[in-house]
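This report refers to the structure that appears directly beneath it.
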Amino acid sequence: MKTKVSLFSGLAIAAFASLVSCQQYNRVDIDLSQKGADVDKSMYGLFFEEINHAGDGGLYAELIQNRGFEEHVVPGGMTYRDGKAYAPRSANYYGLDTIESWVPWDIEAKKMQGWQIKSSDVTYDVVIPQHPLHENTSHALSLTINKIASGETPSLINTGYWGMSVKKGEKYNLRFYLLSSDYCGDVTASIFDSESGRKVSEVAFDVNSDGKWNEYTATMIPEDDLEHANFSLSFNNKGTLLVDYVSLFPHNTFKNRPNGLRPDIAQMLGELHPAFLRWPGGCIVEGITLGNRVNWKETLGDPMTRPGQFSLWGYRNTYGFGYHEFLQFCEDLGMDAMFVANAGLSCSIRNGDYVSGEKALQPFLQDIEDAIEYATGDTTTTWGAKRAANGHPEPFVLKYVEIGNENGTDRYVDNYNYLYAKLKEKYPEITFINTLAWWFDEINRVEHLEMIDPHWYETPDYFYKSNTLFDSVPRGKYDIYVGEYACNNGVGSGNMNATLSEAAFMMGMERNSDVVKMTSYAPLLTNVNAPNWHCNLIWFDRSRVAGRASYYLQKMFADNRPDYNVSISPTVGTPVKQLVEPGTFGVGSWNTQVEYKDFTVSSGDKTTSISMDKVVEFMGEWQKNDGTLAQTSAQSPTMAVFGDFNESDYTVRFKARKTSGKEGFVFYFGLTSEGKKGYAFNVGGWNNTSTNLQSVVDRNLSGADSKAVPFTVESGKWYDVEIKVSPDMTSLKMDGKEVISWGGQEMPQQFFLAGYDKNAGEAVIKAVNASSSSYPAEFNLAGASEVSRSGTITTLKSESLDDENSLDEPFKIAPETKSFDGFSSQFKYDLPPYSVVVMRVKVKLD
Ligand code: AHR
């Protein structure tokens, strides 16, 4: 194909650059006339779940924590006993033994979560009154002011979600309820500085002591900004009161929606230009038990009447950011809505109770049909009318329904087959998503698959390597929605290494957009005061919000989604071999009890036996008896490391015996002395079926870096083990026979992708350079009769792989867009170290 260079091409500049330096440029060929897969508008979306206080204490704008005094209510379907909430004994749908799962439950602390009482003589408790404020929210605070001591004002204080931030001159809507028969005084609501006690807003109410619930409302307007505000209700007389539903809600919400969202966080989400939003999760869709699953119907209407439910991530979900608010937010941001429904199965790693069969599944089916009707039915339908009553007569658009979350097994398949058939017949326009991944055997029993939803939470190495993962996925059977993924292992709170590796993974997804149609990073949001997971996309506290480097990566990809891919070669730079670094070795196990003895290590010509005194135990229960090192726990993994050793060329010999348990041995090498990083042979892993090489990240085993070798460990037998370690080859012999060898891992450090944006008439080139040096690249653009000289280059980069953004340094790693005048049909560009680069240049296609 002939390519005409435009008059204003930058060829001269590039040619000059190559004359004066003898640098070798790595050629990347792009052919704009070779069209690849379309990249759907749906590609980059959002996953929301009530985890990390994403909603309550986060996106949902309410300032009062535990506003309805319901926080201590045990999770649905569970009962309280001796400091724990227990699920009923039940069979787990994954086929595990009948289990009785529980969560710790400090009922007294939870009752007053978020609240404090200031007074020397007040008696209080959270109770179920004879006449609750609302049947769904039966608890209230009973408060008896026994005495008013001089100079003291009895107060009920709410500390918010780790403090409250209020702004001078802004409006805050106060609403609370009191019931009293004998209290003859005032109640004063105040917003005050938690440090100095200075009040910035105050409003007093006469209390109606008619023995009935009375509502009190006011608009509070602080006369100053406060960064550490608290809220209080103060009393000036003796008497008994019931207090319930105390809400202090900012008037200023995103798009001024009542019961709405914190504008700064909503804005951050909007700036990602997301194609869709998934709600309500995540594991909370499944629940610890079925009784604990999210019940969308209870998330509707006046928030005072919403019972909430314990989020299995450790706190009560008020249901404030409910189904209606979710649909409204989708409409406000122009996102497609994705509702995730329970498939009759609770979370398999929690209780895992389930229902099966048409009759038992009927209520689950009805629940999904009602959700669809609420969103899309006209106002003559039961649920469409409820939507109208809630302020939205026009239907919302609900494009996707996922049937279950992270479910597997034949039981799931049976439930899915039933639900899918019924739903699809009634709602052919909705895309229904299945939760299986393509490597699950049971996927072959699914009768109809439109889209599947595999998830990945992995190490950087895994994501770099997985740039090609989707190249070989079966085609023509189903589309893929990667509903959850994050590099969250061994990367601090989400450093640049995580971001670069996610970029490599995302490029693999975008290149395979004929099959990968949708993606969403997870988890999305975290309140920095209460993270459940340590890597999340957006951090916030009571007043600040910041995006991690990965946030900016998501934005760069969403903002630079081409209409279709074009041919590019190569798609990766020359792989670099990662050598085993000097380190130590160790032994361990996975859900298995083991013994080890007679350790020697040979290095050069010298062989020495190793004393047990040198062993440092990191995980597991270890005993040293008569020269034998025994591990007796069922922990996974366990680890005992030989301190004082730091080499990269040596042979370790020892004897190993499994005494009981489900799997086999773990042998570590190339390990940092703290056991945080290195490699391991997992021998008789995967239910004692095979042996493989794994990476050690933060003392955990991750990924499988080699080809699995069938191997089963026999109980009671002493094996002679020999591990030969060298920088580029490590092998394992058991009883003199080689089981597995591993020649170091090859990892590309550069990744390339190209596409075409029809509206802009621009080539869109994405590149990642994960190495510490810059990468000189020469891009050759074929298939265009003209290539503009000027375009833009957006770069996300950092000085070190360990760099992270934070609330204090939110823009340490942030994209920078600059114009670039050196584009042509053949241009050179040095990709900076540790960078993600997006180039956009106008082209005239041939
Ligand atoms: O994103 C956090 C959790 O990870 C989700 O709840 C679950 O689906 C996955 O295991």
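Roughly what percent of Cα-Cα pairs across the range 694-817 reach past 21 Å?
Values: 5038 of 7626 pairs.
Counting every Cα pair in the range 694-817, those more than 21 Å apart make up 66 percent.
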Percent breakdown of C-alpha pair distances by 10 Å bin, ordered from the shortest bin, for the range 80-158: 15, 29, 28, 16, 8, 4, 0
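Expressed as a whole percentage, what fraction of the accessible surface of the range 44-84 belongs to carbon and sulfur atoms when a 1.4 Å probe is rolled over the protein heavy atoms?
In the range 44-84, the share of accessible area belonging to carbon and sulfur is 51 percent.
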Stokes-Einstein D in µm²/s, Kirkwood radius over Cα pairs - the range 728-787 at 4 °C with 1.567 mPa s viscosity: 81
Members of K35/K477; K606/K655; K167/K555 lying beyond 25 Å, as alpha-carbon distances in this model show: K167/K555
The range 668-738: trypsin sites (Lys or Arg not before Pro) in DSSP coil with no more than 14 other Cβ atoms inside 10 Å: K676, K707, K717
Dimensions (Å) - the range 243-352, Cα atoms, principal axes, largest first: 42, 40, 21
V764 long-range amide H proximity, modeled H, under 5 Å: G755, Y756, D757
Phi-based couplings in Hz for the range 566-582 (Karplus 6.51, -1.76, 1.60; Gly and Pro marked x): 10, 5, 9, 8, x, 9, 9, x, 4, x, 10, 7, 8, 8, 6, 7, x
Convex hull volume of the range 420-550 per residue (C-alpha atoms, cubic angstrom): 141
Accessible surface of W439 - all protein chains present, 1.4 Å probe, nearest 10 Å²: 130
Cα-based Rg / Dmax (Å) for the range 470-611: 22.0, 64
Prolate/oblate/rounded label for the range 80-212 (Cα gyration tensor, a/c 1.5): prolate
Inverse of mean 1/r across different Cα pairs in the range 234-296, Kirkwood, Å: 15.9
Protection proxy ranking of 214-222, 680-688 - average other beta-carbon atoms within 10 Å, highest first: 680-688, 214-222
Where labels lie 7 Å past Cα in the beta-carbon direction, separation of N214 and S790 in nm: 7.0
Equivalent ellipsoid semi-axes - Cα gyration tensor, the range 178-226, angstrom: 27, 11, 7
Where the Cα pairs of the chain fall when distances are cut into 10 Å bins, in %: 2, 11, 18, 21, 20, 15, 9, 3, 1, 0
Per residue value of the accessible surface for the range 714-753 (all protein chains in place, 1.4 Å probe), Å²: 41
Estimated 222 nm signal from helices in the chain, with DSSP H stretches of n ≥ 4 weighted -39500 (n - 2.57), rounded to 500: -4000 deg cm²/dmol
Inverse of mean 1/r across different Cα pairs in the range 479-523, Kirkwood, Å: 11.0
Rg over Rh, two decimals, the range 354-404 (C-alpha only, Kirkwood Rh): 1.08
Shape category assigned to the range 400-496 from the gyration tensor of Cα positions, a/c cut at 1.5: prolate
Tail beyond 13 Å, pair distance distribution of the range 425-467 (Cα, percent): 65
Heavy-atom SASA rank of K399, K555 (probe 1.4 Å, accessible area, largest first): K399, K555
Where S472, S602 fall by accessible area, highest first, once all protein chains stay in place (1.4 Å): S472, S602
Carbon/sulfur fraction of accessible area - the range 644-760, other protein chains in place, 1.4 Å, %: 43
Range of Cα positions in the range 191-263 per principal axis (Å), largest first: 39, 32, 15
Å² of accessible area per residue within the range 396-501, as computed with a 1.4 Å probe and no ligands counted: 34
The range 290-424 - convex hull of the alpha-carbon atoms, volume per residue in Å³: 117
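Rounded to the nearest whole Å², what accessible area per residue is found for the range 621-663 with the 1.4 Å probe?
Here the residues of the range 621-663 average 46 Å² of exposed surface.
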Cβ crowding within 10 Å averaged over residues, with 125-138, 331-344 ranked highest first: 331-344, 125-138
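The values are calculated or read from the model by the stated rules, or taken from the named source; none is laboratory data. Computed from a predicted structure; not experimentally measured. Because the Cβ atoms are built from the backbone with ideal geometry, glycine has one as well, and the counts that use them run over all protein chains shown. We work out accessible area using only protein heavy atoms, side chains counted, and drop any ligands, DNA or RNA first. Shrake-Rupley method; radii C 1.70, N 1.55, O 1.52, S 1.80 Å.
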